[in-house]
Amino acid sequence: MSARIVIVGAGLHGCSAAVHLSAQGHRVTVIDKEYAGRHASGVNAGGVRRLGRDPAEIPLAMAAWERWQRMAEVVGDDCDFRPVGQIKVAENGADLETLAERERQVRALGFDHEYLITRDELRQRVPALSPHCPGGLACDGDGYANPYRTVTAWRRQAQRQGVSFVEGVAVTGLEAHGSGWRVQAGRQRFSADILINCAGAWAGTLCEWLDEPVPLAAEAPMLMITERLKPFLGPVIGATSRPLSFKQFENGTVLIGGGVRGEVDSRRQVAETCLGGLADNADTVLSLFPFMHEARIVRTWAGIEAVMPDQIPVLSPSSTFENVIHAFGFSAHGFQLSPISGEIVADLAMGRQPAYPIQPFSITRFQGYRSAD
Amino acid sequence: MTTHDLVILGSGPAGMAAAATAVAYGITALVVDEQPAPGGQIYRSIESTPLKERRILGDDYWHGKALVDGLDDPRIDYRPGTTLWQLTRRLEVGLLQGGHASMVQARHVILAHGAMERPFPIPGWTLPGVMTAGSGQILLKSAGLAPSAPVVLAGCGPLLLLLAVQYLRAGIPIAALLDTTPAGQYWDALPLLPGALRNSRTLLKGLGLLAELRRAGVRHVRHVTALEAEGEDRLERVRWQCGNDPEWHCLTTPLLLLHQGVVPNTQVTRALDCAHDWDERQLAWQPRRDPWLATDVEGVAVAGDAGGIVGAKASAMQGQLAGLGAAIALGRVSEDKIHGEVKRLRRDLARETAIRPFLDVLYRPAVHWRLPEDETLVCRCEEVTAGEVRRMAEQGCRGPNQTKSFTRCGMGPCQGRMCGLTVSELLADANGQSVAETGYYRLRPPFKPITLGQLATAAEDTSG
C-alpha cells in the first residue's frame, strides 16, 4: 500500500531516504528551505571512512561501505569515490598506545578492518610524512568521494523515481491530522501519512514541535584547500589526538579539515570561518608535513552541521508521535553513512525491524532534556 | 591586534580622495594597496613611469598627481605592497605585507579597490600571448614594455581605445583594432546622447581618441562578430569574421590584447555577504549602498568603481563622499554641518556620471561575447568549458555555487574573478532565469592565496 511521505531536509540523508522509500512505491515529497546539499551535505570533506568510528556505528559503516563499492548501481553515478585507504597517524608514543587500544577494541567487537602499521610501513605508504611519526592505524578500502556530486546523485535518483522536491521553502508548522500530518511550508500545505525529519542543523526545531527536545548544536566544521601541488599523497590522513583530515585529490589540490569549528551566524543561517581554528589546523599540518610551509591556501569554508553531545546521530522513530521518523545529528561524520541511513529510515517508516542494531541512536536517550528557552 | 579608526582598501582615485577627506576631520587612516605605488590602475606608476613625455599617457593620467601628493600626510599610514586577504563582518582586517600575515581591527572601512576587466572568453584566450588590455596597459605604464612586432587589440570600450592611442604614441605598432561593438548599438545609444552631453569633456575626449587612431592610419575593423586566437604552444594568429560575411580574416601576431569593458570587483563585498544587485545596464553586480555609499554591513562603505563603474573623476568624488561618511560615523562631524558641501558634491557627481548611460549602452558587449560556444573554456583555473556549465544546468544546477561544488569551477586561485560573470550568465540563460535569481559565487577568505606558514603566524595577532 502506497503511503504519502513528507521528508523535511534535502541533504544526503533526506535524499537517501527519498530514494529508498520511493523505490518501494511510496509517494514522497522532500521539502528544503534552500536547496539540496546547501549546508553540511554539499560542502563537507567527503570522507568515506570506517576508520575510528564509534563502536555503535561500525555495523552501519560496514554496510554503507558495501554500498559505496557499487554507487553507480545505487544512484547512477560513482560520486567520484576513490578507495585510496585512510590512515590515522600517531605523532608520539602515547598516540601509538591509543591506536593499539583502538585496534584491540575493534577486534573484540569482531571486526578486522582497522589494523596497526609500523613506522616503516607508514613511511612506505606516506613517504612525505615527517619521520617522527612512530606508526599508524590503517583501513584499506576507505577513501573519499565528491560530496556535492553525491548529494546531487541521490537527489537525481530520487527524482527519476518520481520524488518531488520543493526547494527554497521552509517548513513553518506541523499539525497532527488523523493518523497523519499536515505540513505547512510557506503558503503551501502538504498532507502526509508519515513525516521524516532529516533537517540536519534545523532538526531541533521539529523536535521541539513534536515535544521531544534534543540537545542539538549547530556547528560549522571548517575546511581549507590549497593550490595544486605535485602528487605526494595516496591515502587520506588523520591525526590521533588532534583534529585533522588531510587528503590530496587527483587534481593535486590538498583538502585540510577534520573538525576545527568556525562560527554559525544563526540569523543569516550561514557558517563563517574563523582564523584561530584554521591556524591550529595549519600548525598540525606543518608538524606532519613540514614541506607544506609554502603551500598556498586558496580557499576556506565552513558548512552548518548538527552535532549531538555523544557524537552519534539520532536515527529512530519519534518517542512522542506515531508516524514520525528522525534521521539527523550525524555530528560531522554522516557522509559515509548516507547509503545506509536511507535504508534504515525506510524500514522504520514501514514498521519493519532494520537489519542493523540501531538502539544506540534512539531519540529516547535524550528524554528529560529541556531546551534552554 | 591594533585598532585603526579607518582602514581604506585601495589607493586609486577613490581611496586617495577618501583618505584626504577623512584626515581633514582628524581621523587617522590606514591605506593599504597591493601595488608598490599609489595611483590605482588609472594612475599606475605615476611617480615612476619611464614615459615622462606627458603626451603618451595623456593629460587625464597626470591629473592623478595631485591626489597622490595628498597621500603624503603624517595622519595617513600608507602601506603599499600590502594585500588584503581577509575582512570579517566584525571588521577584522587580515593583511599580508612582505610575506608576513597580520590582523588589525578597524572601526570603519572604505573599500575602494576598483574594477576588474569583464571576462572575454573566446577560443584560445588561455594561450600565452593573449592578455587583457588592462595587463597590456600595466606593462606600458610600469615598465614602458611592449613587443616590437605589431599587436592586435580586440573588443570594445573606452579603455581599449585609450590603450590603442597610448601604444600608438609610445611607438608600438598596431596591426589592427578589431572592434566588437555590435552595429546596431550606435543607434541604441543615440537617444542617450543628450544626457551624455552634460559631460561633454569626456565625450570629446573619446571622439579625439578615435580621430587620432584614424589619422595615424590604424586598421580599425568594425562589427567583428567572431574571434579566435590560434597557435600551438602560444599565440601565433588571430582570426575573425565581420558582420554576416562568412569569410574568415587572419593576422599573424605575438600579442593579442582583449577587452570588453570593466565591472566592479565585488570579491570583498561578496565575502562580507553584503547585499548585491544585478545592474542590467552595466551587466554587472553592484553592492547595494545608501546615499553615503555605506553597504548593509555596519561600518563598511564602498567608493569608486568597486561599487559600480563611474570612471576616475567620479570615483574621486565618491571617495570624498565616503570620507565624509566616515567622519560622521566616527563622530567627528555632524551631518548638518557639512550639508552644503555634500549637496555640491552630489551635484558634481551627477554631472560627471551623466555620460555613463550612453557609454554603457554603446559599449555593451553583445550576448554572444558573454555566452561563449560550448567548446570555449570558461573557468581557466579548473579548465571548465561553457558546454560543461550548460550540462550542469541540465543536471539541475540552478546557481554558480552548485556548479562550483560539482566541478570546482570558480574554485581556483583566481577565486572566480575570470569566470564568475560568465558562469552566472550561462546558468541564467540555460535555466531560463534572470541573472539576479541565479546569483553569484559565495566568496570565502583568503581573498588572495596565503601560505600555510603565513596562516599559522597570523593567528598570533588574534590570540590574547
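The values are calculated or read from the model by the stated rules, or taken from the named source; none is laboratory data. Fair warning: this is a prediction, and the values are worked out from it, not measured in the lab. Backbone-built Cβ (ideal geometry, glycine too); neighbour counts: all protein chains shown. Just so you know, the surface numbers come from the protein's heavy atoms only, side chains and all, with ligands and any DNA or RNA stripped out. Shrake-Rupley method; radii C 1.70, N 1.55, O 1.52, S 1.80 Å.
Summary of computed values
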item: Percent of C-alpha pairs per 5 Å bin, the range B:371-433, short to long; result: 4, 23, 36, 26, 9, 1
item: Long-range HN-HN contacts of B:V378 with modeled amide H, under 5 Å; result: B:V384, B:T385, B:A386
item: Inter-part distance where the range B:1-20 and the range B:325-393 are each reduced to a Cα centre, Å; result: 20
item: R0 of 30 Å, Cβ-Cβ distance B:R351-B:E34: FRET efficiency to nearest 0.05; result: 0.40
item: On Cα atoms only, tilt of B:452-462 relative to the major axis of chain B in degrees; result: 30
item: Gained length - B:R344 relative to B:D290, 0.36 nm times residue gap less alpha-carbon distance; result: 17.7 nm
item: Cross-link pairs beyond the 23 Å C-alpha cut-off, checked among B:K65/B:K337; A:K247/B:K404; A:K33/A:K247; B:K313/B:K337; B:K205/B:K313; result: B:K65/B:K337; A:K33/A:K247; B:K313/B:K337
item: Modelled label reach - B:W187, point 7 Å along Cα→Cβ, the range B:210-224 residues with backbone N closer than 14 Å; result: none
item: Fluctuation leader among A:G329, A:G85, A:G47 - chain A, Gaussian network, Cα springs under 10 angstrom; result: A:G85
item: Residue-count net charge about A:A36 - beta-carbon cut-off 11 Å; Lys, Arg +1, Asp, Glu -1; result: +1
item: Segments B:85-94, B:126-135, B:211-220, B:260-269 sorted - mean Cβ within 10 Å per residue, highest first; result: B:260-269, B:85-94, B:126-135, B:211-220
item: Approximate shape of chain B as ellipsoid semi-axes (Cα gyration tensor, √5λ), whole Å, largest first; result: 35, 27, 22
item: Dimensionless Rg ratio for the protein assembly as shown, taking C-alpha atoms and the 2.2 N^0.38 Å reference; result: 1.04
item: Whole-Hz ³J(HN,Hα) from phi, Karplus 6.51 cos²θ - 1.76 cosθ + 1.60, for the range B:301-308, glycine and proline x; result: 10, 10, 10, x, 4, 5, x, x
item: Test item: A:146-153 mean partner chain Cβ contacts at 10 Å; result: 3
item: Radius 14 Å from Cβ of B:R289, net charge of other residues (Lys, Arg +1; Asp, Glu -1); result: -4
item: GluC sites (Glu not before Pro) restricted to the range A:272-373 and DSSP loop, no more than 16 other C-beta within 10 Å; result: A:E322
item: Chain A: most fluctuating residue of A:V169, A:V151, A:V324 per GNM, C-alpha cutoff 10 Å; result: A:V169
item: Shielding score for B:114-120, defined as the mean number of other chain Cβ atoms within 10 Å; result: 0
item: Global form of the range B:119-260, assessed from the alpha-carbon gyration tensor, a/c cut-off 1.5; result: oblate
item: Net charge contributed by nearby residues that have their C-beta within less than 15 Å of B:F358 (K/R +1, D/E -1); result: +4
item: Note, ³J(HN,Hα) from phi for the range B:70-81, Karplus 6.51, -1.76, 1.60, rounded to Hz, x at Gly and Pro; result: x, 5, 7, 9, x, 7, 9, 9, 8, 10, x, x
item: Cα convex hull of the range A:331-372, projected area averaged across orientations, nm²; result: 4.2
item: Chain B - mean residue ellipticity at 222 nm from DSSP helices (-39,500 (n - 2.57) per run, n ≥ 4, rounded to 500); result: -10000 deg cm²/dmol
item: Sites matching trypsin sites (Lys or Arg not before Pro) across the range A:293-362 that sit in DSSP coil, with at most 16 neighbouring C-beta atoms within 10 Å; result: A:R352
item: Nearest-0.05 FRET efficiency for B:K65 and B:V367, computed from C-beta distance (R0 56 Å); result: 0.85
item: Loop sites in the range A:43-84: trypsin sites (Lys or Arg not before Pro), DSSP, at most 13 other Cβ within 10 Å; result: A:R70
item: Where labels lie 7 Å past Cα in the beta-carbon direction, separation of A:F291 and B:L210 in nm; result: 5.9
item: Chain A - mean residue ellipticity at 222 nm from DSSP helices (-39,500 (n - 2.57) per run, n ≥ 4, rounded to 500); result: -8000 deg cm²/dmol
item: When the convex hull of its Cα atoms is projected in every direction, mean area for the range B:305-464 (nm²); result: 14.1
item: Partner chain coverage, peptide B:283-296 - average Cβ within 10 angstrom; result: 0
item: Note, ³J(HN,Hα) from phi for the range B:269-276, Karplus 6.51, -1.76, 1.60, rounded to Hz, x at Gly and Pro; result: 5, 5, 4, 6, 6, 5, 5, 10
item: In degrees, nearest ten, helix B:420-431 long axis to first principal axis of chain B (Cα); result: 60
item: Estimated translational D of chain A in µm²/s (Stokes, Kirkwood radius over Cα pairs; 25 °C; 0.890 mPa s); result: 116
item: Inter-label distance for A:R268 and A:A100, nm, one decimal - labels placed 7 Å from Cα along Cα-to-Cβ; result: 5.0
item: Rounded tilt (10° steps) of A:12-23 against the dominant C-alpha axis of chain A; result: 50
item: GNM top mover of A:D78, A:D283, A:D142 - chain A, alpha-carbon springs below 10 Å; result: A:D283
item: DSSP beta bridge pairing in the protein assembly as shown, given as percent antiparallel to the nearest 5; result: 60
item: A versus B: buried accessible surface, summed, Å² (probe 1.4 Å, to nearest 100); result: 3200
